[in-house]
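The structure under discussion appears below in the form of structure tokens.
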Amino acid sequence: MNQKAHHPLVPPLLQGDRFALSRAITLVESTREDHREESLQILEQCLAHSGNSLRIGITGVPGVGKSTFIEAFGQLLVEQGKRLAVLAIDPSSSRSKGSILGDKTRMTELAHHPSAYIRPSPSAGSLGGVASKTRESILLCEAAGFDVIFVETVGVGQSETLVHSMVDFFLLLMLAGAGDELQGMKRGIMEMADAVVITKADGKNKAPAKQAQAQFNSALHLFAASESGWQTPVLTCSALEKTGLDQVWLMIQGFFQKTQAGDFFKKRRQQQAEQWFEESVMTALQEDFLAEVAIQKQIKKLKPQVLAGQITPFHAAHQLSHLYFQLKKNE
């Protein structure tokens, strides 16, 4: 792999060329060995140009109007001169293929803005795979000059924890009047949130939104204070009426000013890098392990025995690891 010569995609990517960025992300998402070599070269050459964005994770309960919020909020940012990239994590996309074509069609106005870039979800086979590709996509978007990056959860459950591990700020969108707002939200996700925003605070929903705001404020005071000293605020907004979005952006800017003044922001970035490194090691080992033909054959042989209760999963795994190390020893 030639590290001295620039990969042909790198110079245009660093100039903000969208085609080069899209092609580079496609290479990163590919599982082909030749593409992997190319993507490693591109990532290495872009690394020095990354790290300068505000990484914001956005999640929310079903029906919260996440796409509508991202489009309205995104438009506010690009109108203020920001360059915005929107990336999505959808662990279910490999099975349902549901969001692959949906991302750009649900944010049509923002997708056509020259300062915005929306990337459909990768359809990697595993949660870790999706996370790894999203982290690499963040790096490439930063190198291309995007200064705000939204990482949106499209799936539910484990994806929130993944998004939290790769962003600087985690925004939780909630609905008023759903009845079980507090009970229905996992405590862990509430504790991860750097801010809660009650959406659809317009028309008849204004009063319930204010009530939900008070309820969430009370609930959040029961949680331990953040290491940064930041107290999680609860705001209301209407993406439809474009109200409250300015306050959300001012609040997020306040968070970055506070955390960048101390060492919390730097520590959070280091935690992101550490988790990316650990996941990359595990992914590389898993790929190498499963690429062995002898391992594949042994898995086919052992799986029926595990299902029939003739051997424990632990014993089967131990046999496979022993075989793998024998193969490596004989290479």
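The values are calculated or read from the model by the stated rules, or taken from the named source; none is laboratory data. Model, not experiment: these values are computed from the prediction. Every residue, glycine among them, receives a Cβ derived from its backbone with ideal geometry; neighbour counts consider all protein chains shown.
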Of the residues in the stretch 261-285 that are of a type in the set (S, T, N, Q) and under 18 Å from Thr134 (Cβ atoms), the one that is modelled with the lowest pLDDT is Thr283
For residues that are modelled with pLDDT of 90 or more, among the hydroxyl-bearing types (Ser, Thr, Tyr) and more than 15 Å from Ile70 (Cα to Cα), tally how many sit in the stretch 101-125.
-> 0
List the pairs whose first member sits in the stretch 33-48 and is of a type in the set (D, E, K, R), whose second member is part of a helix (DSSP H, G or I) and crowded, with 19+ Cβ neighbours inside 10 Å, and whose Cβ atoms are under 6 Å apart, counting only residues at least 6 apart or on separate chains?
-> Glu38/Leu27
Could you say which residue among Gln253, Gln271 is part of a helix (DSSP H, G or I), closer than 30 Å to Pro233 by Cβ and outside the structural domain of Thr134 (by TED's automatic domain parsing)?
-> Gln271
If we keep just the residues of the stretch 235-258 that are within 13 Å of Ile56 (Cα to Cα) and either over 24 Å from the mean Cα position of the chain (by Cα) or not β-branched (Val, Ile, Thr) (or both), which is surrounded by the fewest Cβ atoms within 10 Å (Cβ to Cβ)?
-> Gln253
Run down Phe169, Phe223 and say which single residue is of a type in the set (Phe, Trp, Tyr), modelled with pLDDT under 90 and in contact with a helix residue (DSSP H, G or I) (Cβ under 9 Å, 6 or more places away or on another chain).
-> Phe223
Positions within the stretch 188-223 being in a loop (DSSP other than H, G, I, E, B) and without any contact (Cβ under 8 Å) to a residue 24 or more places away in the chain, in sequence order = His221, Leu222
